[in-house]
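The values are calculated or read from the model by the stated rules, or taken from the named source; none is laboratory data. Small disclaimer: the values here were computed from a predicted structure and weren't measured. Neighbour counts are summed over all protein chains in view; Cβ atoms, including those assigned to glycine, are modelled from backbone coordinates with ideal geometry. With ligands, DNA and RNA removed, areas are computed over all heavy atoms of the protein, side chains included. Shrake-Rupley method; radii C 1.70, N 1.55, O 1.52, S 1.80 Å.
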Amino acid sequence: MPDPKAGGGVVVGRGVGRLTLNALRRQAASCTACDLYKRATQTVFGEGDPSARIVLVGEQPGHEEDLIGRPFVGPAGRLLDDAMIQAGMDRRRVYITNIVKHFKWKGEEGGKRRIHERPRQDEVEACRPWFDKELWIIKPEVLVCLGATAAGAVMGRGVTIRSARGRALVSPQGIRTFVTVHPSAILRIPDRSARHVEMRRFVADLRKAKRAAQDQ
């Protein structure tokens, strides 16, 4: 099985010096395209199978991801792992990333806890070239947008989860795309039964993406 952080050393095209995920990750580590790097611990780049048929993309890393340096390893990531298992999706065989690679946060009043803050559109646009290059290298058959920020960045700001969920769309890059909720949205549902229903819908969305990749 591939090392989930390795990027596989995959070379795009022929010849020497072609871009790989490893090289792209090293470049992104020193990104200063927007001011988010000033308060973040590190760049959190994508990880997974460099020849993945499915790419899952979220909004930005959270508190734990910022400290560890890997995407989707906090509470939302653990819920995503559980949902992928239920959907029959192997995390080692997909690629997981975020539109924004630095953690944007605000401090809790009177405390030390770092609270997620949604990135502005200009911050999304500043980070967008890294995601575009990830797609260019991997060339996936299916994209799964986790949450409204990812959906808007990939499909355009007019696309909403309510309008697009459950439908197979086509991204501007020509990739079959599915839009669903971000795992953190499920965690925020206070009612246990409602949370269970939403989890089932989320798993069903992932199953659709898996079937679409298999049909290609």
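HIS63 contributes about 80 Å² of solvent-accessible surface, heavy atoms of the protein only, 1.4 Å probe. From the coordinates of this entry, Cα extents along the principal axes in Å is computed, and it appears in [x] 52, 48, 33; [y] 56, 46, 35; [z] 79, 47, 28 under the label [y]. Within the chain, how many Lys pairs that are eight or more residues apart, or on different chains, come under 21 Å at the alpha-carbon? Eligible lysine pairs with Cα atoms under 21 Å apart amount to 12. Estimated at the nearest 10 Å², the accessible area of ARG113 is 140 Å² with a 1.4 Å probe. For GLU65, the solvent-accessible surface computed with a 1.4 Å probe is close to 20 Å², ligands and nucleic acids excluded.
When the solvent-accessible area of segment 81-147 is split by element, carbon and sulfur atoms take up 50 percent of it, the probe being 1.4 Å. Of PRO50, PRO183, PRO75, which has the largest mean-square fluctuation in a 10 Å C-alpha GNM of the chain? Per the Cα network of the chain with a 10 Å cutoff, PRO75 tops the list. Largest mean-square fluctuation among ALA194, ALA76, ALA87, in a Gaussian network model of the chain whose springs join Cα atoms under 10 Å apart, belongs to ALA194.
Once neighbouring chains are kept in place and the probe is 1.4 Å, which whole percent of the accessible area of segment 28-68 is contributed by carbon and sulfur? Display every interim value, and only then the final one.
On the way: 810 of 1660 Å².
So the carbon and sulfur contribution to the accessible surface is 49 percent.
So in the chain, what percent of DSSP beta bridges are antiparallel if you round to the nearest 5?
35
If a/c stays under 1.5 just call it rounded; otherwise compare a/b with b/c (prolate if a/b is bigger, oblate if not). Do that for segment 65-133, with a ≥ b ≥ c from the square roots of the Cα gyration tensor eigenvalues. In terms of gyration-tensor shape, oblate.
For segment 151-204, the per residue solvent-accessible surface stands at 58 Å², with DNA, RNA and ligands left out and a 1.4 Å probe. The dipole here belongs to the chain: it is taken about the Cα centre, uses +1 on the Cβ of Lys and Arg and -1 on the Cβ of Asp and Glu, and is about 300 debye.
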